[in-house]
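As C-alpha cells, the structure follows; a few thoughts come after it.
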Amino acid sequence: MSRKGNCWDNAVEESFFKTLKSEQIYGNKLVSKDQMRAELFEYIEIWYNRERRHSTLGNLTIEQFN
C-alpha cells in the first residue's frame, strides 16, 4: 500500500513525473486546458515513448526495448 509522502512506494511514477515537469511543464506558457492536453499527449506518446532514450533501458527508447 502506498503511503503519503513516501516517494519510495512509487519510485517509477515519481521519476516519470519529475522528468515530465522538468522537460515539459516548467517554463511552458500555455493558454488553455486543450493546449495543455495536446502538449502532454504529444510529449508522452511521441517524445517520451518513441524518441527519448532511457538510461535504465540501456539508452534505448521504450519502443526499441519492447
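Could you point to the label whose value was computed as mean projected area of the Cα convex hull in nm² for the structure here, given [x] 6.2; [y] 5.9; [z] 11.0? Derived directly from the coordinates: [y]. Straight Cα distances below 28 angstrom link Lys29 to the lysines Lys18, Lys21, with same-chain residues fewer than 8 positions distant left out.
Every read-out reported here was derived from the displayed coordinates using simple, explicitly stated rules and does not represent laboratory data. Just so it is clear, the model here is predicted, and its values are computed rather than measured.
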